[in-house]
Structure formats: C-alpha cells, structure tokens
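> I'd like to ask some things about the structure below.
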Amino acid sequence: MIGDGRVEDRAVKALFFDRFGGPEVLRYGALPDQALDADSVLVETSAIGLNFADIYRRQGIYVLDGEAPWIGGYEGAGRIVAVGDAVDRWRVGQRVEFLDVPRAHAERVCAPAQRLVALPDDVDDRTAAALLQGVTAQYLVEDSGRLSAGDRVLIQAASGGVGRLLTQMAVALGAEVHALASTPSKREQARSNGASAVYGYDDWVAKVRRATGDGVDVVYDSIVTTLHDSLAALRPGGRVVIFGKAGGTPPAIDPLSLMEESKGVVGGDLWTYLNRTESRQSRADRLFAALRTGTITAPAITAFPLSEGAAAHRLLEDRNFAGKIVLIPNGPR
C-alpha cells in the first residue's frame, strides 16, 4: 500500500526491449507499473546492477520472464514504498536490496518479500548493488568448491565482477590462486587481488601444469567452452565448477575419461543455496562483514542513468572494461 492505503496505478520509467539483438534494441520509456500482490513489496530503486546475464537475455540466449516488452535486470537496491497485505516483516521506508527479481531495470520493482535483504546503515545503495555478485563468489567458495587452506585453484576471468571477489575470498581462506585474464591490465588487477600466478589465454593449461606440477584442485569455469582445457588443468581427483557460459555451448565430455583420473564436473547455481529468506540475509550479512574487515573490497563503480542503458550495455560488452556498472534511475553519472 502507498500513503493512504491505495496502490497507485501509473506508468513507470524502465529500460526495455521487444526484440532480440544488440544494444540498439534497448528503449527507455514508460510502461505500466507492476501490480502489487499480497506477498510482495514495491521498491523504488536507487541503484540497479547490470550483469552479463542481462546481455544474454537481450540477445535471446537466456530465459526471460513474461512476454515482450521485456524489462531486463534481476538485482538492485532501493527503498520500500508499498507493502502487500500479507507482508509483515518489511515496512515502508526501509532500505533493502533484492536478488533474483525480474524486471529490475525500472524506477519501481515489485519484489516477492522473501527475496529481499535488509541493508545496513554503513553500506550505501550503490555499493550494495555492486556487491551482489559477491553472493555468487561466496557460494562458489563455500558450497560448490568447498575450498580449504592450501588448495590450489584456477579462476577464469579473474578480474571480472565475480572473479575478483572469488579471488579475494579464496585467498582469505588460504588457497593458492592461479588466475586467467585476457589483458595485461586485467592480469595486474588479478595479482593485486591476491593471485599467486596470472596467465593469459594462450597455452594456459601447459603453463598451469608447469607451475603446479600435477595440476590444480579446483577450476572455476565461467566460459564453459573451455571445459576440456579446464579438465586438463586439474590434478587427479580435482573438480571443475561451472557457473556460467560466457563462451557459448559447452563441449561434450566422455564420463569414462573422468573416471580414469577421478575428476569431476560440478554445476553451480546461486538459487540452489539462496532458497530461503534466512539464507539470503545471512549470506548478505557475511558479505557486508567481509567488506568491513577488508577481506573483500568493493569494485570500481561506473554509474549510468537508466535512460542511458544502451551505452552501459555497450561498455559492459567491451572486454577491456573492468569494474561494476550500476544503473541509476533518474540519476547522474
């Protein structure tokens, strides 16, 4: 409800598209506001994350919610302006962030109450939105990978949004991190985040094996077309954790080849672990605590007005870009 108890029926400004393609298909304009149901809250957004998954949805590679026109985005931060009749935990005016909520690239987002996280006073909205990728890095370290001190790990795209936080978390646990990055500047960033060794993508399997002797314990593969190379970089008994498909469709693998060296391939998906309100808040709180102690650092944030979303998409698709892009409704850069 809003103000006097009525839900306002009005348009909302959003970044949307009605056909698949490049950034040129994106449009900014008014669409009908999302209806508020009994178990949801309406969040007036202040900072919204932009991720490669949003690019893949725009291209028609990832599944989209609903029908055209589609509004991209699944995460952001802001303030509650309305609550459904069955919601008792959240209140109007409370600062929150949300994860796994479609149609996020808009001034207002209708979010299921169980998908919210309360924000602490010492973390501003832009930083909160920029750190949401840290929840992915967190489950990769703690659940899919289950790293321990002394483990040797290889992280692909180590200077990317997830990669940099994954590197910092792995180092904090005492793991030895070997990092892959595409340019000298990105490799230097990976080293500054604590990587023991950094490599480009030329002949990297041989280099990793020379540096480690028999290979690494875990490979974090977000490209997936590199799956055969990732397996080759493992020691016997090691495992590859797949958590993205930036390169496209993965190659087929022979299960018997895995058996011969006791290697494994593990799929990683955040929503397997972020399936309850309590787990969302607990993991977010630990992420903010890690930021306070310096275990992780906030990325360099580049902010775009929501109305300039096409330019933000172009920048993110530039493989030389490093940092986090945040979209600001009605806001300046």
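The values are calculated or read from the model by the stated rules, or taken from the named source; none is laboratory data. What you see is a predicted model, and the numbers here were worked out from it, not measured in a lab. Note: ideal-geometry Cβ built from the backbone for every residue, glycine included; neighbour counts use all protein chains shown.
> Within the stretch 241-286, track down each residue that is among the hydroxyl-bearing types (Ser, Thr, Tyr), within 30 Å of TRP90 (Cα to Cα) and at pLDDT 90 or above.
From the stretch 241-286, those among the hydroxyl-bearing types (Ser, Thr, Tyr) are 249, 257, 262, 272-273, 277, 279, 282; that's our starting set.
With the extra rule that they be within 30 Å of TRP90 (Cα to Cα), the set shrinks to 272-273, 277, 279, 282.
Answer for the stretch 241-286, where residues must be among the hydroxyl-bearing types (Ser, Thr, Tyr), within 30 Å of TRP90 (Cα to Cα) and at pLDDT 90 or above: just SER282.
> Do we have any residue at all in the stretch 64-85 that's more than 20 Å from ALA129 (Cβ to Cβ) and touching a Ser or Thr at 6+ places or on another chain (Cβ under 7 Å)? Step through it out loud before you land on a result.
Of the residues in the stretch 64-85, the ones more than 20 Å from ALA129 (Cβ to Cβ) are 64, 66-70, 82-85.
Filter once more, so that each one left must be touching a Ser or Thr at 6+ places or on another chain (Cβ under 7 Å): 84.
Within the stretch 64-85 (the criterion being more than 20 Å from ALA129 (Cβ to Cβ) and touching a Ser or Thr at 6+ places or on another chain (Cβ under 7 Å)), the answer is yes, since at least one residue qualifies.
> Now, a different point. Being out of contact with any Ser or Thr (no Cβ under 6 Å at 6 or more places or on another chain) and assigned to a loop (DSSP other than H, G, I, E, B) is the filter; apply it to the stretch 297-318 and report the residue that is nearest to VAL25 (Cα to Cα).
Applying the filter and picking the extreme gives ASP318.
This table checks each residue for (1) basic (Lys, Arg); (2) touching a Phe, Trp or Tyr at 6+ places or on another chain (Cβ under 8 Å); (3) assigned to a loop (DSSP other than H, G, I, E, B); (4) touching a residue at least 24 places away in the same chain (Cβ under 8 Å).
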site: GLY248; (1), (2), (3), (4): no, no, yes, yes
site: TRP271; (1), (2), (3), (4): no, no, no, yes
site: SER279; (1), (2), (3), (4): no, yes, no, no
site: ARG283; (1), (2), (3), (4): yes, yes, no, yes
site: PHE288; (1), (2), (3), (4): no, no, no, yes
site: LEU291; (1), (2), (3), (4): no, no, no, yes
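> Could you tell me whether the stretch 230-239 includes any residue that is surrounded by 19 or more Cβ atoms within 10 Å (Cβ to Cβ) and touching a helix residue (DSSP H, G or I) at 6+ places or on another chain (Cβ under 8 Å)?
Quick first cut of the stretch 230-239, residues surrounded by 19 or more Cβ atoms within 10 Å (Cβ to Cβ) only: 230-231, 233-234, 238-239.
Checking the rest, the ones that are also touching a helix residue (DSSP H, G or I) at 6+ places or on another chain (Cβ under 8 Å) come to 231, 233.
So far as the stretch 230-239 goes, yes, one or more of its residues are surrounded by 19 or more Cβ atoms within 10 Å (Cβ to Cβ) and touching a helix residue (DSSP H, G or I) at 6+ places or on another chain (Cβ under 8 Å).
> From the list VAL123, VAL92, VAL87, VAL101, exactly one residue is surrounded by fewer than 19 Cβ atoms within 10 Å (Cβ to Cβ), on the phi < 0 side of the Ramachandran plot and part of a loop (DSSP other than H, G, I, E, B). Which is it? Let's see the steps before the verdict.
Values: VAL123 fails: surrounded by fewer than 19 Cβ atoms within 10 Å (Cβ to Cβ); VAL87 fails: surrounded by fewer than 19 Cβ atoms within 10 Å (Cβ to Cβ); VAL101 fails: surrounded by fewer than 19 Cβ atoms within 10 Å (Cβ to Cβ).
Exactly one residue qualifies, and that residue is VAL92.
> Yes or no: ALA82 in contact (Cβ under 8 Å) with a residue 40 or more places away in the chain and in a loop (DSSP other than H, G, I, E, B)?
Here the answer is no, as ALA82 does not meet what is asked.
> Exactly one condition in (1) modelled with pLDDT of 95 or more; (2) in a strand (DSSP E or B) is not met by VAL12; state its number.
Here VAL12 meets the rest and fails (1).
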